[in-house]
Amino acid sequence: MKSLRLLIPYLKVYRREITWGCIAALISTALYALAPWALKLAVDDLQTGISARQLAYYAGLFVGLAAVGGVFRYAMRMWLIGMSRKVEQDLRDRIFGHLQKQPASFYNQNRTGDLMSRMTNDLDNVRNVLGPGFMYPIETISTAVFSIAMMLWISPTLTLITLLLAPPVSYSVFKLGRVTHKLTTRIQEQYSRLSDQAQENLSGARVVRAYSQEERELAKFDQLNQEYVRRNLSMTRVQALFFPLMGFLFEIGAAIILLVGGLGIIRGSLSLGDFVAFVGYLGMLAWPMIAVGWVANLLQRGAASMVRIQNLLDTEPEIVSSSQPSSARASAGEIVFENVSVSHDGVREALQDVSFKVRPGETIAIVGRTGSGKSTLVGLLPRLIDPSKGRVLIDGVATNEWNLDELRKQVGMVPQDAFLFSSTVKENLTFGAPEASETEMLEAASISRIDKDVAQFADGYETMVGERGLTLSGGQKGRLTLARALVRDPSILILDDALSAVDTHTEEEILRGLREFMKGRTSILIAHRVSTVRDADCIYVLDQGRIVESGTHEELIALGGYYADLDHRQSLEQELEMES
Amino acid sequence: MSAKRKQVEEQDVLGKAYDSKLARRLWGYVGDQKKKLFASVGLLLLGATAELAGPWLSKIAIDRYIVDKDVSGLYKIVIIFVIVSALALALRWSQSYLTGEAGQIIMYRMRRDVFEKMQRLSIPYFDRNPVGKLMTRVTSDVQALYELFGSGMVAIFGDIFTLIGITAVMFAINWKLALLTLSVIPILLLVTFAFRKRVRDLYRKTRSQIANLNGYLQENIIGMRVVQLFGRERANHERFKSLSGDLKQTYLKTIFNYALFFPAVELVSALAVAIIIWGGGSMMLTGAVTVGTLVAFIQYVERFYRPVRDLAEKYNILQAAMAASERVFQVLDHPIEVPDTSALDYVEKTEVDAPLIEFRNVWFAYRGDEWVLKDVSFDIREGESVAVVGATGAGKTTIISLLQRFYDVQQGEILLHGRNIREIPLQELRAMLGLVLQDVFVFAGTIAENIRYGKADASDEEVRETSELVLANRFIEKLPGKYAEPVVERGATLSTGQRQLLAFARALLCRPKILVLDEATASIDTETEQTIQEAISRVLEGRTSIIIAHRLSTIQRCNRILVLHHGVLREQGTHEELLAQGGIYHRLYQLQFGLGEAA
C-alpha cells in the first residue's frame, strides 16, 4: 500500500480538480441524504392531515433535492474521474519516454509482452485507484456520515441494529473480491497460455502442416482449453453468488427495519414516516457498504501494479548521453577500437581485447563464423551496447563522451533483421531524416534498387507497408532498410549482413551503386562471401570474439589462415567446376 | 442501487441484434445444454417472483399488523420475509451458476471447433488472413458468444419478467396510482437508450484508439533499436503523446456522459417518488390508498430501474454476439481449398518405371491469372539431387509449396511415383518431405522439443545423433541447459544460423524420403554450410533432394539444375552443360564469381 504514495507527485498537478471534486462530493451527498427526510415529513403529515398544497410542496422538495444534488454529483465525477484519466496519460507518456532511453540489453532482458502489460494492465489498475479508488471512499464516507447522522437523529437503537449489517457486508465483499481476483489471475494465466499456443500454431501453420502435427496441436490446445473452462467454472461459482448475496443482505436489513421499526411504531416510539425514511437510508447505505470491500481490493491491486511501474521507472538507462559532450574531433569517420571487450552476461565475453583503427573514408570488412561477435562489434559504434573494457573512439572522441544523438547521426546502420514500421514506404525511408528532400530519398531508393519495386506498388511511395499494409519480401525489406540508412547521409555506414536475403544479381548491382556512395565515407561490411568483401581496404577475421586475422585480401591470402581457407574453398569449387 | 454505478464494458458492435437464421444456428450449438438453459429460465422466474414479494410483504405488514398493532402478526410476516429472501438467494445463485456453466461449456466447444477447423484449413486461407485476425476468432469472438449464452439470453427473460411483474403487482394494488407512477417510464427509457447509444459510440471509438495506441507502443518496443539508431525518440514520443491525448479526450467525453447519466436517473426516480407522494398522498386523503401501498410503491419504483438498464445493455451484448457468431460461422463454413484424401482409400502402389517426382505441364497462380508457374514440366528420379535456381520471384519456392500441396495446381499435375498427389493422403505426402525453409519457425519450448517436433517419440539418443550430424551440437552443447535449454517464442534468443541448424536437425530426425532446402544456408557462414552439406550428403545417400539457393556454391554438388525464369523452366541440365549453353545460368554463375559483367 505504501507504493501508492509514489502517486502523490502526479496528483499534485491536479490539486485544484481534487479539491473541487471533494467539495462537490460532500455537497451532493448531503443533499441526497436529505431526501428520505423529506419523505418522512410527507408521510408523517399524511397521517396527521395535510393540504394538497403542502403535498405538492413536499413532492417539489423531493425532486428539487435530487436535481441540485445531481448537479454536484455531476461535477464530482467530472473532476475526480477526469483527473484519473489525466494522471493516467501523464504516467503513460512518462513510461514511454523512459522506455526510449533504455539500451538494447534492456530489451533483451524484458519481453515485449511484459512491457506492454506494464503500460496496459498495470496502468489500468493504478488508474482505478485514482478514479473509483479515490472517488468512492469520499462518497462512501460522506454518505455514511450524513445518513448515519440522520438515522441517529430519528432512532439511535434502530440505527445501531441496522449498522450491525455493515461489517458482514463489507467483509464479504472484500473476501469475495479477493477470491475473485485470485481466480481472475489464474484464468488470465491460462488464457495467455491458450492464446500463446493458438498464436504460435497459426503463425507456424506451414510448419504444422509440413510435419503433419495437426492432431497433436489440437490435443495440446484441447487440454489448455479444458483447463481454461475448468478455471472459469470455479470463477462462475463465486461470481454467481455475488449479486444474489448482496441482495439477500439488503433484504435482511429491510427485514430488521420492518421488525424493529414496526415494533417501534406499535409502541409509539417511532412514526410511520421514520420507518419510511429508514428504508430510504438503508438503500443509500447499501452501496457504501459494498464499496468499502470493493475499493479495498482496488487499492491492493493498484498498489501492486504501482510497484511494478515504479520498478520500471527506476531502471536507470545503462547508456546515456554524455553530460559534457566533447567537441574535439579529428576528420569525420575515423574509428579506433582500443582493447575492447564486451560481455553480455558478465561471464562469457562476446568480444575479447579487440583493437584496430579505420581511417576516414576506408572500407573495412568483417568475416567470421556465426556467433563470432561480428554484430556485437558494430553495435558498439552507435552505442547499442557499451564495451565492458577498453574504449571505442569515433573522430578521436570516445563514444561515451559523445552526445548520443550526434553520435547516432554519424552512424548509418543496416541491421541483420530488417525491421520496418507499419506506415508508408516514404515514412520508412525518411524515418531517420524527416527533413530529407524528395531527391535525396529517391536517390537512396535507387542506390538500394528498391525504386523499381516501389514503382510497381499501387500507391508508390505512399503505399502502406508492414502489419496493416503490404507484405514485403525479405529482399525488399533488406533493400528498404538499406535505403533508410542512406537517406540519413551518415559519415559511417554499416552493413550487418544486410543483403543476405537479396539475390546475387541484385546484390552485385547494389554494391556497384554503393561504391559511389561510400566514397568519402567510412564503411563496415559484414558478409560471408569473399566476393563481397575482397575489395575492402582491410578485412578482419573474427573468431570467438577475437580478431584472428587482418589485412587486405591479398595479405590474408598470403597469411594462409581462416580467410585464405575460405577463399580457397570458394575458389576451389569454382575451379573444380571450370575444369570439368 | 449498487449496480447502477458499475460501468459495464461493451463489446465492439457491428450488425444487427437479431438474425433469425444465425439465432437458429446458435441454438443448434447449445445442444445438450438446452436443459440447463430451460431450467435456469424456470429458476429465474421463481427467483424474480420471490424478489418481488418484498415490498408487497412490507405493505401487508404496515397496513395489517403495524397500523392494527398486531405484534405476533408482525413477527410472522417478518419471518416470511426472511424465508422468501433466502429462497430468492438460493434461486438466483443456482440459476446464475447454471447459466454460467452452460455458457462455459458451449464456449469450450465453439473454441475447440474453431481451432480444429483452423487445423484443417489450407495454406491459401492463412495467406489471406493475418494471424491477428484469426486469433480474434479463437479468443474474443468466442468470448462474446459466452456473454450471450452465459448471461444475455436467460437474463433477458428475467428482466422482462421483472418489469411485467412489478407493473402487474402495482396495478393489482392500485391501478390509478400505478398509471400515474408508470408515466415516468417513457422518460426513463428515453434517457437510458440515449445514454447507451452515445456511450456505445464512444466505446467503439475508445476501442479503436486503444488498439492504435497499443499497436504503436508495441511497434516501438520491438523496433526500439531502430528508433534509437535513427534518433527518432523525440518525434515518436510526440506521436505517442498525441495518440495518448486523443484517447484521454475520448475518455473524458465518456466520463461526461456517465456524469450526466447517473444524476439524471436519480432525478427520474425522484420524480416517480414525488408523483407517489403527491398523487398517492391525495388519494390517501380520500381514503382510496393506504399508507402501506404508498411505501410499497416507493420501493417498487426503486426496483424498476435495474431491469431497464440491463435490457439496454443486453441489446448491445446481443448485437456484439450476433456479429461475433457470424464471424465464427464464417470460419467454420469456409471450404477447405486443398481437400485431403482419406487414408482408407489410399493403396500404396509404386510404378516401377515412374520417376519419384514429376511436374507435368504445371500452371499455377496465387491470384487470378498472375501465373507464377507457366507450363512447367520436369521429373526427379529416386536418389537424384536437383537444384532450382533463378532470380527472386522466379517461382522457386512455389514449386516446393506445390509439392507439399499447400496449394493445388490450376492446370497440369504433380505426380509422385506416377500417382497424382491429390490422391495421396496429405499426411503420407508431407511425411515424405523434409523441409528446411528460408524463415525458420521455432516453437516455444526446449531445444530438444523443437528437434522432436515432427517425431515426438524420438529418443534422446536419436536427437543427439541427428544434432551431431548437422553439427548443431556445437552450439547446443554450449548452452547452459544444453538440449533442455528453453527457447522463447520465435527463437529470439538464437541467431539466424543457430535457428537454421535447429531446422536441419528437426527435418533430418524424421528421415524424410525427399529433403528440401529453401535458401536454407543463406545466413550460415560458409564453413558451417559446407560441413552441413557434407553431413547431409552422408545422411541422405540414396535419398532424393531438392535445393533452392541464390548462391550457386550451395548447389554445386547437385546432379541436375533447373533454371526458372519468370515462371518458365528455361534451362535444365548439369552444371557443365548449362555453363556450356551460355544462357541464364551462365550469367548467374559469372555474377556470383565476379568473372565478368552480365552477358
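Quick note: the coordinates plus some simple rules give every number you see, no bench work behind them. Only a predicted model underlies this, so the values are computations on that prediction, with no experimental measurement involved. Quick reminder, even Gly has a Cβ in these numbers, built from the backbone with ideal geometry, and neighbours come from all protein chains shown.
Table for the structure above
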item	result
Reachable lysines, given that their alpha-carbon falls under 19 Å from the alpha-carbon of A:LYS389 and they are not under 8 places away in the same chain	A:LYS357, A:LYS374
The range B:248-311 shape via C-alpha gyration tensor axes, a/c threshold 1.5	prolate
Inter-chain shielding of B:68-75 (mean C-beta neighbours from other protein chains, 10 Å cut-off)	3
Sparsely packed GluC sites (Glu not before Pro) within the range A:414-506, loop by DSSP, other Cβ within 10 Å at most 15	A:GLU435, A:GLU467
Antiparallel bridges, percent of DSSP beta bridges restricted to the range A:335-538 (to nearest 5)	50
Sequence-distant residues sharing a close amide H with B:TYR366 (under 5 Å, placed H)	B:VAL372
Cα pair distances exceeding 30 angstrom across the range A:335-538, given as percent	22
Mean separation of Cα contacts under 8 Å (6+ apart) over length of chain A, as relative contact order %	14
Rel. contact order, % - alpha carbon contacts under 8 angstrom, at least six apart, chain B	15
Spacing of the two label points (7 Å from each Cα toward its C-beta) at A:ARG111 and B:ILE187, in nm	5.5
The range A:196-210 - phi-based ³J(HN,Hα) in whole Hz, Karplus 6.51/-1.76/1.60, Gly and Pro as x	4, 5, 4, 4, 5, 4, 6, 5, x, 3, 5, 5, 4, 5, 4
Relative packing of peptides A:411-424, B:238-251 - highest average C-beta neighbours within 10 Å first	A:411-424, B:238-251
Volume of the Cα convex hull of the range A:2-314, divided per residue and given in Å³	167
Chain B - Debye-derived log10 I(q)/I(0), Cα point model, q = 0.06, 0.09 Å⁻¹	-0.55, -0.91
Those aspartates and glutamates that a straight Cα-Cα span of less than 17 Å connects to B:LYS482, excepting residues fewer than 8 apart in one chain	B:GLU449, B:ASP460, B:GLU461, B:GLU462, B:GLU465, B:GLU468
Under the Debye formula (equal points on every Cα, no solvent term), log10 I(q)/I(0) of the range B:369-435 at q = 0.15, 0.18, 0.29 Å⁻¹	-0.52, -0.76, -1.67
Packing-based ranking, highest mean first, of B:29-42, B:505-518 given that Cβ atoms within 10 Å are counted	B:505-518, B:29-42
HN-Hα J in Hz across the range B:71-81 - Karplus 6.51, -1.76, 1.60, θ = phi - 60°, x for Gly and Pro	5, 5, x, 5, 4, 4, 5, 5, 4, 4, 4
The range A:272-370: radius of gyration over Cα atoms, expressed as a fraction of 2.2 N^0.38 Å	2.58
5 angstrom amide H check on A:ASP543, placed H, neighbours 5+ away	A:VAL548
As computed over the range B:352-474, the Cα convex hull volume per residue (Å³)	158
Three-way shape label, the range A:1-135, alpha-carbon gyration tensor, a/c 1.5	prolate
Modelled FRET efficiency - R0 30 Å, B:ARG239 with A:ASP543, Cβ distances, 0.05 increments	0.10
Test item: B:252-264 mean partner chain Cβ contacts at 10 Å	5
Cα-Cα pairs of the range B:264-416 separated by more than 20 Å (percent)	72
Fraction of antiparallel bridges per DSSP, the protein assembly as shown only, in percent to nearest 5	50
Peptide ranges A:491-497, A:176-182, B:265-271, B:454-460 listed from the most packed, as the mean C-beta count within 10 angstrom indicates	A:491-497, B:265-271, A:176-182, B:454-460
Separation of the A:VAL71 and B:ARG570 label points, Cα + 7 Å toward Cβ, nm	8.4
Within 10 Å of each Cβ in A:144-157, the average number of Cβ atoms from other chains	0
Against the rule of thumb 2.2 N^0.38 Å, how large the Cα Rg of the protein assembly as shown comes out	1.16
Relative contact order of the range A:335-538, pairs being alpha-carbon contacts under 8 Å that are 6 or more residues apart, as %	27
Share antiparallel - DSSP beta bridges, chain B, percent rounded to 5	55
Descending Cα extents along the principal axes, chain A, whole Å	122, 61, 51
Convex hull of Cα atoms in the range A:128-207, direction-averaged projection (nm²)	7.5
For B:THR341, distant residues with modelled amide H under 5 Å away	B:LEU426
